[in-house]
Every structure is written in C-alpha cells, then in structure tokens.
Protein chains: 2
Amino acid sequence: MTSPVLLAFPDAESLAARLAEASAVPLKPIRLHRFPDGESLVTLPPELPPQVALVRSLHHPNEKLVELLFALATCPELGAQRRVLVAPYLCYMRQDKAFAPGQAVSQRIVAELLDRHAEVLLTVDPHLHRVARLEALFGRLAAHALSAAPLIGAFLAADPPDWLLGPDEEAEQWTAAVAAACGVPYRVAAKVRRGDRAVEVRLPAAPWRQSRVVIVDDVVSSGHTVAEAARQLFARGAARVEVACTHALYGEATAELLADAGIARVVSTDSIPHPTNRISLAPLLAAALRECIR
Amino acid sequence: MTSPVLLAFPDAESLAARLAEASAVPLKPIRLHRFPDGESLVTLPPELPPQVALVRSLHHPNEKLVELLFALATCPELGAQRRVLVAPYLCYMRQDKAFAPGQAVSQRIVAELLDRHAEVLLTVDPHLHRVARLEALFGRLAAHALSAAPLIGAFLAADPPDWLLGPDEEAEQWTAAVAAACGVPYRVAAKVRRGDRAVEVRLPAAPWRQSRVVIVDDVVSSGHTVAEAARQLFARGAARVEVACTHALYGEATAELLADAGIARVVSTDSIPHPTNRISLAPLLAAALRECIR
C-alpha cells in the first residue's frame, strides 16, 4: 500500500467523504472509543501508506487535540512518515499574546504541538491578528492557510445582494476577496471588543436604505458582532440582512440571538458541521491536498 | 522570589491547600477561563520562582491535559525552569500496548508529553500492568510513584476488619502492604476482564462466614470488579463488606451499583475529589515534595 489515504475522525466524516470524492484519495476511518472514565481510545487502520492526510476541524478543541495527538503520534509506527493535517477550522488562534501577565500563549503552544507531530497543515481562514502569517507559527511543519473567500463569493454570485459588509478593518482584505468573486460592492465596519460577549460596531456611511446586505465574516462565534451590525443596518433602513461565514462556531443561543436581530439567513462552509452549511470546502481542500501529496 | 511555590488548578484546590499546609510550601492559584467556543484560557501568577509544583489529578483527562500543557509550557517564560507535576491520579496508564492493530498506545504518548514539559512527576499508585516501573516510561523527567497503601492501612487500623481482599493477582503486593499496615490478614482473588464493564472474579478459599471484609483496590472505576467480589463474599456468608481505594474514579451510576451489591461503605484518598474521601494524601505528597524541591 503506497498511495496516500485520507483518515477521518468521526466528527469530520461528512467533509472527509466529500474531500475523498473531490481529490480521488481513498478514505479510511479513525475509530474513537470513550471509556467510562473519560479516556479516549484511538484506532487507526493497522497499515498505512507513507503519506496520510488526517481530517478534523478543531472547534471545541480540547478533547479533539488530545485524540489528534494520539493519532498523529501513532502514524509513523504504522508506516506513515508524512502526516498532512487537514484542519479546516484551526483552534487557539486568538490567544496570540499574553493579554494580562501570566497568561499562557496557547496559539504558540498548540502550534508547537502540531509542529512536532505533523509535516503539513492545511487550514482555512485562520483567525490571525498580531501574527500576520500562519507560516510564522511553525518551524518544521509546512502550513498552508487557504481562503474560502472565492467559494463564498461564488455562492453569493448566484443571487447577489446590494452590499457586502465586513465587520472590522482586519477583515477588509478578505471581504474584498468575497466582493470581487461576486461582483458586489462592500463596506467595512469598525469593531471595538469589550470582553467575550460585548462588542461595539461603527457602521460606515453607505446608501443602506432599502438594500439587501450580506455581512461576511471568517468566523461567527458568540454572534454579538454580526447581531450588532445587523441591528445598525436595520436602523439605517436596510431591507434584508444575511450572514455568510467560513466557520459557523455557534449553537442554539447564538442562533436565537441572530434571529432576534432580524438576520434572515446564515450560510457557512462545511468546515464545522452546522445547520447553516451550504458551501463545501471540498474543492478548495482537494486542490491543496493534491499539491502537497503529489 | 526564590522559594518554591505550589500552583493549584481549581479542581485540585482542596488537596493543594492541605498539601501546602503539610509541606509549608506556599500556594498560588492557576486561573482557568472557558471561552464560549470551548477554548481554555490558563493564567499563572505573573512571576514564578525557579521551582514550582503544579497540582492536578488527571481523572477525565482530555481537557485537563491540554490546560496542563498550557500551564507547564508557560512556566519557564515566567521564571520557573524546574517544574514538579503533582498528579496524584495519573491518566492513560491502562493503554500500555496496542490491544488490537492500529490502536494508539496512549500511555507512551502521554508520558512523552509530560517528559517534554516537566522535570519531576509525583503520582500515587499508578495503574501499571505490562510496564512494571513508572520510571521506565520517561526519559528526562524524574518520576516517583508513591504508594497510598500505608495511609490506607493506617486508616483501617483504627477499626480493623477480619479480612482484606485484593481483587486480582496484580494487586497482591499492594494489598500485602495495606495488610501489613493494619495488621489484618488478606487474600487475593483472580480477575478475568471481559470488556469495559464485564468482569469475572474467582474468590480464594478463606473462612469468610460471618466476617467483616474490606476489599482494597488502587482504583475503583466502573465498580464491576468490587461489586462482583462483594456479591461472592456475601454468597460465602460474609457479614459486612466495605471498600477502601486510592482513587475513587466514579459517579452516581457506580455508587448505586456498589450499594446494590450490598457494600456498606467506601473510603478513598483525596487523590480525586469524591464523596468517599476520608484519607488525605497530603502527608505522603508533602514528604515527597520536600525531597524533590530541597
């Protein structure tokens, strides 16, 4: 067995199946068993080719990171020396410095862990701030940050809104890429974060009245940013507000918050399994995967 | 600041406070914050002395391991080059080989993680099987496996039963140590495990009739072993059956199983916070800690 295989964790099976089809790389399952005492048993296929690609997004990451470590560390024993980690959603990207003295800089610590146990990383729209380039986080590992902006733009082009709104200046380039892909004009708001859940959004001037606006963002988590942006758009007379994001990292409470803010629809990629998934990352990931396991 | 400090995770605060008192090493808290997206923020005291001892038992370990990694990796940045990990309950000791092809040997992988990020490990009655000595799991890290048997024996000596019963041959030496410390005769049963929850116990011959028996074990988890042993003791005419263990690694369902089997009382050490805790490991850990941070 020498051809590469995809190895999917159970929580990433749907995306992995689409990726297998798009890339023509065969898929095998990683099996998980949870013992009554909370320990995890990770079982890989007993024989592996020299190159494997493990598929798992790292939302709600702590349990997943430990199981991922077990899988990555076991690959070489089973014959796979070159490990590609396909983690469409990468965790701990926000904690990129000690915001108060004594804080662990988890971005760096997680990067070091992955650096030690994988050779390649494919991820999508990592939420970077002070570290501008994903590659800068790693030593040995070759990291590739893909952008879902063209896919989201292509989806929106099928029924283009009047405006796109990016929620903050950091997202300007990404918002511009979505806009370019759907041929829709865009504006970018100014965001001031005040803790986990409080956020202030300053809307730029534009003829919002009677318009249909899609707020685009890399990740929707607490939902406070997009809810606040939607409220302000309605206050300026917008007729319909939707959201398009790469990573839908939220549950029921946030879904209600978004509905209460009047947001008519949320669409997301399948980086994280979610009821709002409409856009598959499979073609994007398949192209990148074929490049790195050629 | 040059004197060593104890650093306690919130879930280990009670034991850490007793350990601080017994060892005269001052205690400082490690603060944990959980973000809405499931990521953990770990905050240590902003300045640390060259030697620190981090206290956390690793039951239900996956979340705890990630947060522990964050804390250990941050210590050197804050001035602590020598990290003693006080983990009275150590995780993943059972998965010491691939029981089926492709299984991750998590014992080794967790040991390598700790080996890389701590200098000393203090633990109590680790559940070892094929690897006979804890030290053999580590390269750089100095591992010390302490035994709670003398403390458990001392507790039982205050109101000695007629017999002690060890549940399997592997526990013979440990059972003998408890017996020696309380001056009570002991027997050891033969255990055959059939999956996570099914177990067969073969009771040795002894005059069990009308006797008061304490089943002693390093860890009570599913409870099936001690429940089955209790049922057989009652079938041979035992009058009262109790349990004494180092690690009470169980919840409501197991507590009911033990009560249903007629077990009158369970006592445990405070390695894992539990309603059955009666015996503090603080003196044992304090003596070992003073040795390794002298």
If we only count helices (runs of 4 or more DSSP H) wholly inside the range B:183-294, which ones have 2 or more residues that are away from every other protein chain (no Cβ under 14 Å) and crowded, with 17+ Cβ neighbours inside 10 Å?
-> B:224-235, B:282-292
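One line per residue, one yes/no per condition, for (1) touching a strand residue (DSSP E or B) at 6+ places or on another chain (Cβ under 6 Å); (2) closer than 17 Å to A:Leu281 by Cα:
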residue: A:Arg18; (1), (2): no, yes
residue: A:His60; (1), (2): no, no
residue: A:Pro76; (1), (2): no, no
residue: A:Gly79; (1), (2): no, no
residue: A:Leu90; (1), (2): yes, yes
residue: A:Met93; (1), (2): no, no
residue: A:Lys97; (1), (2): no, no
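Matching residues to (1) β-branched (Val, Ile, Thr); (2) more than 15 Å from the chain's Cα centre (by Cα):
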| site | (1), (2) |
| --- | --- |
| A:Arg56 | no, no |
| A:Leu65 | no, yes |
| A:Val84 | yes, yes |
| A:Tyr89 | no, no |
| A:Val110 | yes, yes |
| A:His127 | no, no |
| A:Leu134 | no, no |
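Conditions (1) under 18 Å from A:Glu119 (Cα atoms); (2) assigned to a loop (DSSP other than H, G, I, E, B); (3) open to solvent by less than 60 Å² (accessible area, probe 1.4 Å); (4) touching a Leu at 6+ places or on another chain (Cβ under 8 Å), marked per residue:
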position: A:Ser3; (1), (2), (3), (4): yes, yes, no, no
position: A:Glu13; (1), (2), (3), (4): no, no, no, no
position: A:His33; (1), (2), (3), (4): no, no, no, yes
position: A:Pro49; (1), (2), (3), (4): yes, yes, yes, no
Residue identified as hydrophobic (A, V, I, L, M, F, W, C) and open to solvent by 40 Å² or more (accessible area, probe 1.4 Å) among B:Ala145, B:Ala176, B:Ala171 = B:Ala145
Does at least one position in the range A:113-122 carry a residue that is under 30 Å from A:Tyr186 (Cβ atoms), more than 14 Å from chain B (Cβ to nearest Cβ), more than 18 Å from the chain's Cα centre (by Cα) and among the hydrophobic types (A, V, I, L, M, F, W, C)?
-> no
All-but-one check, A:Ala53 against (1) among the aliphatic types (A, V, I, L, M); (2) touching a Phe, Trp or Tyr at 6+ places or on another chain (Cβ under 8 Å); (3) part of a strand (DSSP E or B), failing number (2)
Any residue at all in the range B:68-77 that is farther than 30 Å from A:Val220 by Cα and either of a type in the set (Gly, Ala, Ser) or in contact (Cβ under 8 Å) with a residue 24 or more places away in the chain (or both)?
-> yes
When you go through A:Glu112, A:Glu135, A:Glu39 one by one, which is the residue that is farther than 20 Å from A:Ala20 by Cβ, surrounded by 18 or more Cβ atoms within 10 Å (Cβ to Cβ), of a type in the set (D, E, K, R) and not assigned by TED's automatic domain parsing to the domain that holds A:Ser221?
-> A:Glu39
Regarding A:Ala80, is this residue buried (at least 16 other Cβ atoms within 10 Å of the Cβ), within 14 Å of chain B (Cβ to nearest Cβ) and without any contact (Cβ under 8 Å) to a residue 60 or more places away in the chain?
-> yes
Is it the case that some residue within the range B:89-107 is of a type outside the set (Gly, Ala, Ser), away from every other protein chain (no Cβ under 14 Å), touching a helix residue (DSSP H, G or I) at 6+ places or on another chain (Cβ under 7 Å) and open to solvent by less than 20 Å² (accessible area, probe 1.4 Å)?
-> no
For the range B:141-149, indicate whether the set of residues that are small (Gly, Ala, Ser) and within 13 Å of B:Ala111 (Cα to Cα) is non-empty.
-> yes
Please tell me if B:Arg130 is more than 9 Å from chain A (Cβ to nearest Cβ) and open to solvent by 30 Å² or more (accessible area, probe 1.4 Å).
-> yes
Restricted to the range A:64-77, and to residues that are farther than 12 Å from B:Glu39 by Cβ and of a type in the set (D, E, K, R), which residue is surrounded by the fewest Cβ atoms within 10 Å (Cβ to Cβ)?
-> A:Glu77
Mind listing whichever residues of the range A:52-63 are within 17 Å of A:His247 (Cα to Cα) and within 10 Å of chain B (Cβ to nearest Cβ)?
-> A:Leu58, A:His59, A:His60, A:Pro61
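The values are calculated or read from the model by the stated rules, or taken from the named source; none is laboratory data. These numbers come from a predicted model, not from an experiment. Note that each Cβ is placed from the backbone with ideal geometry, even for glycine, and that neighbours are counted across all protein chains shown. Side chains included, ligands, DNA and RNA excluded: accessible areas come from the protein's heavy atoms. Shrake-Rupley method; radii C 1.70, N 1.55, O 1.52, S 1.80 Å.
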